[in-house]
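Here is the structure we will look at, set down as structure tokens.
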Amino acid sequence: MHVGMCIPFMNHARADDHELMKGELALGDLAEPLGFDSLWCFEHHFTSYMLSPNPLQVLSYFAGRTRRIQLGTMVVVLPWHHPVRVAEEVLLLDHFSHGRTLLGVGRGIGRIEYERLGVDQVESKALAIELIRCLTSTLESGVCEYDGEHVKQPKVQLRPGPFQSFRGRIFIGAGSPETSPMCAELGVGMLVIPQKAPEAHVADVTAYREAYERIGAEAPAPIFQNMFFVDEDPVRAREEGRRQFDLHYDAIIDHYEFRGTHMAADKNNKAYAAVQRLISTPEGEKAWKDAMFPMNPVGTPRQVRDQILDQRKMFGAGRFVAGARYGAMSMAEGERNLRLFAEKVLPALKAE
Amino acid sequence: MRLGYGATFQNPGQEITDREVYREEIRLARLAEPLGFDSVWSTEHHVTGYQMCPDVLQFLSYMAGTSDTLELGSMVVVIPWHQNPARVAEQIAVLDHYCDGRLTVGFGRGSGRIEFEKLGVDMGQARERFMEATALIEQGLERGYCEYDGAIFKQARMEIRPSPFKSFKGRLYAGVASAGSIQLMAKPGLGILLIPQRPWADIRSELEEYRAAFRKQHGAEAPPPVGVAWVFCDEDEQRARDEAAKWMTRYWRGVIEHYDFAKPENFQGVKGYENYVGQAQGIKDAGIDAIAKDFMDVQVWGTPKACLEKIRYIHEQVGCGQFVGIFRYADMPFAEAERNLRTFATTVLPELKKLPAKA
């Protein structure tokens, strides 16, 4: 199995930003020597959640210091980008990396990001769909042109143009059974990025496969991602792992304002409105964290391996992306976690 | 004096593919530091083969990944083409973290009509957009958040994360080409990036006024200018002259075509580009070949000795703290560009490094 790693640049512990950046970049430098197949970055703005406003830019940095690994976004939040500029940036990364780009795209749900970037969140779903259509066709032809409800782009030839097809290299971070069928229509893959209980993700993947079946094609195996905590000591793994993930979930709650009520008014975000209702009480918050926790492999190397393989089976996934440092974790703990994973878990996964 | 290498990513004639241009431009840019250059620079351009670097901060991020000591510069980010200057502030902040503060950012106003059109920006607003956007970014980088209420750009308070960790004072520049625009950069406190299209001696007096205005406004010396020029260096004097004429003429012809510089009507009535009308008429009347000769007179070409003398002269005229050379332009074959670069690096560069940072 292809195994990648991701660096989210999370700073929930409010460390100095420069120190955090240098630490995460140093972890990213380990991807190739430790034997991972790819390195992935996210897009988030304005808060301590993830200091990663432009995944195509940070991956260009890594294109300059790696030779072999693929470089993936999970995801570029398309409604926050101009259709011409984002296509130009993807093409540049592909030139810098000599064709090692993997492109995950998505819609994003952070209100703070939509507001401060001046993008209307109410129309985010329709906008994202048009932008995904526009981008997938632009990356094949090198010509950006779209006449939609929300996106109107007169024909423009991009330079440098594409030099190899993006077929098989584009993925949608689909987070609901309503959106995942769109992958089939566009002929692209699917990313499973943990945001709910495993069974709910399975429903998205099922809808994805069924959509491919309806058009008589085989669905590309999804890519699934998660953060893990591994320790030789099962007690420390369980206790420290849960503590780290509780902090990680707090970071998610803060950034997405899950302690508020604003999602209720948004037609696109019914599922998240339910999360907001749930975590409005301390018991509900704990219940939500308990439901999220099974998505994250925690335990001894053997336990972590087994959990990842179970998830792989559950999603019928072909590739896996592991995150070693997240939430409020220290760099030292993140590096320990990563190195132990690379030594004791990665070889078994790669042999699959 | 510090030395920079400028990458242009030109593919006007499409004699080779964009892919080959990229592969080779990247290879040469990565050679710069081992050959003794301090920095690598590039320029934002879109949608044609004139220059193919649509996101210069992204290219510099790639270069930041290749070295822990290389300095980086944009010459320029064409800021009016960006719909959201705060996003550019984010990109700058992130890149500065990658390269531990070794970044200089040059901003420009742009004059390619095709680029304004294709990016959906009104060219008549370019000057205003430039002034507002650079102010928004400069304030944002110093304060750690962007907040601006201009005629064009309105930005509600927006944190820059990762936060800038080092002041950008003295590291923000403006690329200027046209007469009369140097002084305008004193008030916003921008350094001057000289991308010359007219005699260096003419620029000298404008720079004096700029320096005085800068001192008055900010109570400090202006940062030393950065001088940029096109270079053709060859041990053989005749060959240097012939080949320089060939490639610089082709380059300049490409510039005239890309910007429609020989069509006065192209700039007629466009606010902020009034003096382009007369210039264009001049180019139209004189003919491209004559104009190309004027262009060549400003650039650096000849034997290593002649190149050295020319750059010493530039240094003396404008007091630049850094010189950025462009070694590959028009459809120059990469083998020739590499020879040009290597000859310069082994013969001229070591002497230039001995020059003081200020004349």
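Quick rundown of the values:
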| item | result |
| --- | --- |
| Loop sites in the stretch A:131-178: GluC sites (Glu not before Pro), DSSP, at most 10 other Cβ within 10 Å | A:GLU149 |
| Over chain A: Rg over Rh, Cα atoms, Kirkwood Rh | 0.94 |
| Proximal charge balance of A:GLN121 [Cβ under 11 Å; K/R count +1, D/E count -1] | -1 |
| Local net charge near B:LEU308, Cβ-Cβ under 12 Å (Lys/Arg +1, Asp/Glu -1) | +3 |
| Cross-link partners of A:LYS270 among aspartates and glutamates (Cα-Cα below 16 Å; sequence separation of 8 or more within a chain) | A:GLU123, A:GLU178, A:ASP204, A:GLU257 |
| HN-Hα J in Hz across the stretch B:167-180 - Karplus 6.51, -1.76, 1.60, θ = phi - 60°, x for Gly and Pro | 4, 9, 4, x, 10, 9, 10, 10, x, 10, 10, 7, 4, x |
| Among B:VAL231, B:VAL121, B:VAL324: highest mean-square fluctuation, GNM of chain B, C-alpha pairs under 10 Å | B:VAL121 |
| Shape metrics for the protein assembly as shown, restricted to C-alpha atoms - Rg then Dmax, Å | 26.5, 85 |
| Rounded, prolate or oblate (a/c below 1.5 giving rounded, otherwise prolate when a/b exceeds b/c) for the stretch A:235-306 by Cα gyration tensor | prolate |
| Residue-wise HN-Hα coupling along the stretch B:334-347, computed from phi with Karplus coefficients 6.51, -1.76, 1.60 (Hz; x: Gly, Pro) | 5, 5, 5, 4, 5, 4, 3, 4, 5, 4, 4, 5, 8, 10 |
| Ranked A:LEU92, A:LEU135, B:LEU70, criterion: other C-beta atoms within 10 Å, fewest first | B:LEU70, A:LEU135, A:LEU92 |
| For the stretch B:174-234 versus the stretch A:179-207, the gap between their alpha-carbon centres in whole angstrom | 55 Å |
| Expected 222 nm ellipticity per residue - DSSP helices of 4 or more, -39500 (n - 2.57), all of chain B, to 500 | -14500 deg cm²/dmol |
| Sequence-distant residues sharing a close amide H with B:ARG2 (under 5 Å, placed H) | B:GLN322, B:PHE323 |
| Gyration tensor (alpha-carbon) shape descriptor, the stretch A:13-70, a/c threshold 1.5 | prolate |
| Charge sum, other residues only, whose C-beta stays under 12 Å from B:ARG198's C-beta, Lys/Arg counted +1 and Asp/Glu -1 | -3 |
| Mean-position separation - Cα centroids, the stretch A:57-101 and the stretch B:78-125, in angstrom | 18 Å |
| Cα-based shape type of chain B, given that a ≥ b ≥ c are square roots of the gyration tensor eigenvalues and the cut on a/c is 1.5 | rounded |
| Three semi-axes of the equivalent ellipsoid, the stretch B:74-198, Cα gyration tensor, whole Å, largest first | 22, 18, 13 |
| Charge dipole (debye, nearest 20) of the protein assembly as shown; +1 at Cβ of Lys and Arg, -1 at Cβ of Asp and Glu | 480 debye |
| Taking B:ILE79, A:ILE252 and counting other C-beta atoms within 10 Å, the order from fewest to most | A:ILE252, B:ILE79 |
| Sorted by Cβ neighbour density within 10 Å, fewest at the top, the residues A:HIS150, B:HIS97 | A:HIS150, B:HIS97 |
| Long-range HN-HN contacts of A:GLY323 with modeled amide H, under 5 Å | A:CYS6, A:ASN226, A:MET227, A:PHE228 |
| GNM flexibility winner over chain A from A:HIS248, A:HIS81, A:HIS44 (Cα, springs under 10 Å) | A:HIS81 |
| Cα-based equivalent ellipsoid of the stretch A:1-125: semi-axis lengths in Å, sorted from largest, via gyration tensor | 24, 19, 12 |
| Helix-only mean residue ellipticity at 222 nm for chain A, each DSSP H run of n ≥ 4 adding -39500 (n - 2.57), per residue, nearest 500 | -14500 deg cm²/dmol |
| Percent of beta bridges antiparallel (DSSP, chain A, rounded to nearest 5) | 15 percent |
| For the stretch A:218-225, Karplus couplings with θ = phi - 60° (6.51, -1.76, 1.60), whole Hz, Gly/Pro x | 8, 6, x, 4, x, 9, 10, 10 |
| GNM top mover of A:PHE163, A:PHE42, A:PHE293 - chain A, alpha-carbon springs below 10 Å | A:PHE163 |
| Long-range amide H partners of B:TYR145 with built H, under 5 Å | B:ILE160 |
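Just so you know, all these numbers are worked out from the coordinates, no wet-lab data involved. Every value quoted in this text rests on a predicted model; they were computed, and no experiment measured them. Ideal geometry is used to build each Cβ from the backbone, glycine not excepted, and the neighbour counts take in all protein chains shown.
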